[in-house]
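**Q** Okay, here's the structure, questions in a sec.
No lab work stands behind these numbers, since they all come straight from the coordinates. Given the structure is predicted, the values throughout are model-derived calculations rather than measurements. Counting neighbours? That spans all protein chains shown, and the Cβs are built from the backbone with ideal geometry, glycine included.
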Amino acid sequence: MTAAVSQAVVETGGPKALSAAFAGTHAWCNEKMVLSDTLSDGMALPEFFSSGAFEHALDIYTEKSGASDRRAVASMWSLYYFSSLTIPYLVARVLDHQVLPVGFEEMTVALAEDGLPRTFGVASPGCWQDVDDADVFATLAPLMRDHLREVVGHLKSVGGIAPKLAWNNALVYIDYALRASGIEPLNAQADALIGNRAMPDGSPNPFFDCLRHEEEDGARVCRRKICCLRYLLPGVPSCGSLCALPSQRNQ
């Protein structure tokens, strides 16, 4: 689909048509990312994280879930946050060449009744650019540089989870979105994302070695390096073969 056609779809499709890629199996993305001016209960992210609203959201989820471990609560909260942010961004990026404006300073977020992230708001549909199949860091630059680093810091200072755990939580969904796109070169991008120690500018790659794709009983499985701690939350099922802890994989 050309940029001109994509723009026309977005402009005429109503408030839920943020991206032409949010259709079919990806239609659920319409519930996770919308234009900010249609998200009536959205709060600007800088205000959300600096005003005490984030801490209050964790308190609500702690009460609703019956949990006692604050790190596990923050980690689970981040899984909802990262999935709702990264998958829609990458679906639009790789399937329609659409770069959604996901800078931390310009987005809003709305919460569900249990305190978990429900929907993100963006200022505009963004712009359309070709995807460089050879440079995963260019594909992810708006997410990593302008959003994830900021949120990882708040997850550490308020939620008490280590940055390495937070990055691992984000990577699970980024890796999934790249590999599930059906675009073969993106599998190589996903491999490069976890296989390179350094970013193109020489800085450490926070995703390095956070996931491993291994053969087990004749099947290819994806496994985290660091456990997301969900086993510490009552009533939350294990993440199965993805779990970093052997004792939790069959729970």
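**Q** How many angstrom separate the Cα center of segment 131-173 from the Cα center of segment 16-68?
**A** The two parts, judged by their Cα centres, are 17 Å apart.
**Q** Among all helices in the chain defined by DSSP H, which have a length of 30 Å or more along the axis from Cα atoms plus a Kyte-Doolittle mean of at least -1.0?
**A** 70-96
**Q** Something else now. Taking every DSSP beta bridge with both residues inside the chain, roughly what % is antiparallel (nearest 5)?
**A** The antiparallel fraction comes to roughly 85 percent.
**Q** Ranked by Cβ crowding within 10 angstrom, fewest neighbours first, how are TYR89, TYR80 ordered?
**A** Ascending number of Cβ neighbours within 10 Å: TYR80, TYR89.
**Q** GNM, the chain, Cα, under 10 Å: largest mean-square fluctuation among SER50, SER124, SER19?
**A** The residue with the greatest mean-square fluctuation here is SER50.
**Q** Given axes a ≥ b ≥ c from the Cα gyration tensor, I'd like to know whether segment 160-236 is rounded (a/c under 1.5), prolate (a/b larger than b/c) or oblate.
**A** Values: a/c = 1.94, a/b = 1.16, b/c = 1.67.
Cα axes put segment 160-236 in the oblate bin.
**Q** What does the C-alpha gyration tensor say about the overall shape of segment 130-192? Classify as rounded when a/c is under 1.5, otherwise prolate if a/b is larger than b/c, or oblate.
**A** Prolate, because a/c is 1.5 or more and a/b exceeds b/c.
**Q** Rank-order 94-105, 134-145, 177-188 by packing density, defined as the average count of other C-beta atoms within 10 Å over each peptide's residues, highest first.
**A** On the way: 94-105: 19.3, 134-145: 17.6, 177-188: 16.1.
My ranking of the peptides, most packed first, is 94-105, 134-145, 177-188.
**Q** Using a Gaussian network model on the chain with a 10 Å cutoff between Cα atoms, which of SER78, SER36, SER65 fluctuates the most?
**A** SER65
**Q** Roughly how many debye, to the nearest 20, is the charge dipole of the chain about its Cα centre, given +1 on each Lys and Arg Cβ, -1 on each Asp and Glu Cβ, and no other charges?
**A** Magnitude of the dipole: close to 760 debye.
**Q** Okay, moving on. For every helix of n ≥ 4 consecutive DSSP H residues, a contribution of -39,500 (n - 2.57) applies; sum these over the chain, divide by its total residues, and give [θ] at 222 nm rounded to the nearest 500 deg cm²/dmol. Spell out each step's value before the answer.
**A** Numbers: 8 runs with 101 residues, N = 251.
Helices in the chain give a 222 nm mean residue ellipticity of -12500 deg cm²/dmol.
**Q** Kindly identify the chain as rounded, prolate or oblate by the Cα gyration tensor criterion: order the square roots of the eigenvalues as a ≥ b ≥ c, call it rounded if a/c is under 1.5, otherwise compare a/b with b/c, prolate if a/b is larger, else oblate.
**A** oblate
**Q** Say the dipole of the chain comes from +1 at the beta carbon of Lys and Arg and -1 at that of Asp and Glu; which of LEU111, GLY195, GLN129 then lies farthest toward its positive end?
**A** GLY195
**Q** Aspartates and glutamates within cross-link reach of LYS156: Cα-Cα under 18 Å, excluding same-chain residues under 8 positions apart?
**A** Within the straight-line cut-off, LYS156 pairs with GLU47, GLU55, ASP59, ASP69, ASP146.
**Q** What order, most packed first, do the peptides 111-118, 200-207 have when packing is the mean number of other Cβ atoms within 10 Å of each residue?
**A** 111-118, 200-207
**Q** For ALA188 and SER157 in the same chain, what is the full-extension length gain: residue separation times 0.36 nm, less their Cα-Cα distance, in nm?
**A** Contour length minus Cα-Cα distance gives 7.7 nm.
**Q** Going toward the positive end of the dipole of segment 14-85, with +1 on Lys and Arg Cβ and -1 on Asp and Glu Cβ, which of ALA53, GLY42, MET76 do you reach last?
**A** Comparing the listed Cα positions along the dipole, MET76 ranks first.
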